[in-house]
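Note sheet for the following structure.
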Amino acid sequence: MKELEFFYQLKKELLQKYRETYPEWERSIHDFRGKEIANFQKLLEEKVHSRISEKWFYTHIKPTENTKLPRMDMLDLLSQFLGFSDWEKFKKQQQIKEQKEFFQNEKIKEEKHPVVVPFSKKKIAILGAMFFGMILLAASFFSEKNNGFTFCFEDSDTHKMIKNQPIEIKIFQEGESPIIQKIDSKGCFKWQSKTEKITFAIHAPYYRPDTITRVLQNKKHHEMISLKKDDYALMIHFFSTSNIKDWKKRRQQLAEMIADDAVIFQVAKGKTMMGLDMLNKEEFIDRLTLPMNSLENIKIIHSMYREGRIYRLRFIVE
């Protein structure tokens, strides 16, 4: 079976998986449109905590014929959605199924048309080689195990698990674009990899960003990672939600927190780039502290530091 044939089989199994949740859909996966693609994206995010874009779906899944395979990381992602650790495991399972179907068909043929003459030595050799190949594939499928990483996150001050927060994990892979994942309801994320090394960046509201690199010592790795609070982001949020009278002092504190050349973005809630406003340091402090231009109930989305001061900030008004 060629690589593209494996991909076509993957599409068929993706459709079967989709029908487990949406049995009313009786058409092909190639007939998916906006609603069905959105449903599929939701299932994918629930299962493997990752997404594919609608454009990617139209480019790779919707066509009845493909000229080339998608990137390996996306094939691994879809294979994991189907319950396999990666694309190679999916292909091995398909090879095993193909071998079984061959022997079943041969058995049916013999039952319908019994052969009275013995097998030729050549045919016996071919069947023996195929049987041996099937055994090797099955052994490989059940014996190979990918390296398993599990990371959970806690507050470095309270040592309590960080749950129900939109912590974003960006996993870096050599020669490929990063994969974005989110933590599960338990405050953890899991990752299967053939390599013994993993590097990922962590982004969480009101916590300092961090980049982690780990090398496995055994097949399974479980670790609790402590995240440090983003004190300045918390203070800005506090200023915007509290009735503070001594704004002169607060303006001085904000001036110390924020770099002179800082660029600050206000994102309008529920809008795209058209709802983006860029502020400098003075404009932001004025809007936050002057009564006529006050910003209330700020939620910090992302912050970046240079020499201990904020030089990039993105926020939204709730």
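The values are calculated or read from the model by the stated rules, or taken from the named source; none is laboratory data. All values derive from a computational prediction rather than experimental measurement. Positions of Cβ are generated from backbone atoms using ideal geometry, with glycine treated the same way; all protein chains shown enter the neighbour counts.
Have a look at E307, E283, E296 and point out the one that is modelled with pLDDT of 85 or more and either farther than 24 Å from S156 by Cα or crowded, with 18+ Cβ neighbours inside 10 Å (or both).
E283
Cβ-Cβ under 8 Å, sequence separation 6+ or interchain: first residue in the stretch 1-19 and closer than 17 Å to Q41 by Cβ and without any contact (Cβ under 8 Å) to a residue 60 or more places away in the chain, partner of a type in the set (S, T, Y) and surrounded by fewer than 13 Cβ atoms within 10 Å (Cβ to Cβ). Which pairs?
Listed pairs, sorted by first residue: L15/S28.
Looking for something polar (S, T, N, Q) and in contact with an Asp or Glu (Cβ under 9 Å, 6 or more places away or on another chain) - is there at least one such residue anywhere in the stretch 43-64?
no
Assess whether E168 counts as being loosely packed, with under 14 Cβ neighbours inside 10 Å and not assigned by TED's automatic domain parsing to the domain that holds I310.
no
Among the residues of the stretch 217-238, is any outside any loop (DSSP other than H, G, I, E, B) and within 14 Å of the chain's Cα centre (by Cα)?
no
I'd like to know if the stretch 77-84 contains one or more residues that are closer than 25 Å to K190 by Cβ and among the aromatic types (F, W, Y).
Checked against the condition, which is being closer than 25 Å to K190 by Cβ and among the aromatic types (F, W, Y), the stretch 77-84 yields at least one hit.
Within the stretch 178-213, track down each residue that is over 15 Å from the mean Cα position of the chain (by Cα), surrounded by 14 or more Cβ atoms within 10 Å (Cβ to Cβ) and among the hydroxyl-bearing types (S, T, Y).
Answer for the stretch 178-213, where residues must be over 15 Å from the mean Cα position of the chain (by Cα), surrounded by 14 or more Cβ atoms within 10 Å (Cβ to Cβ) and among the hydroxyl-bearing types (S, T, Y): Y206, Y207.
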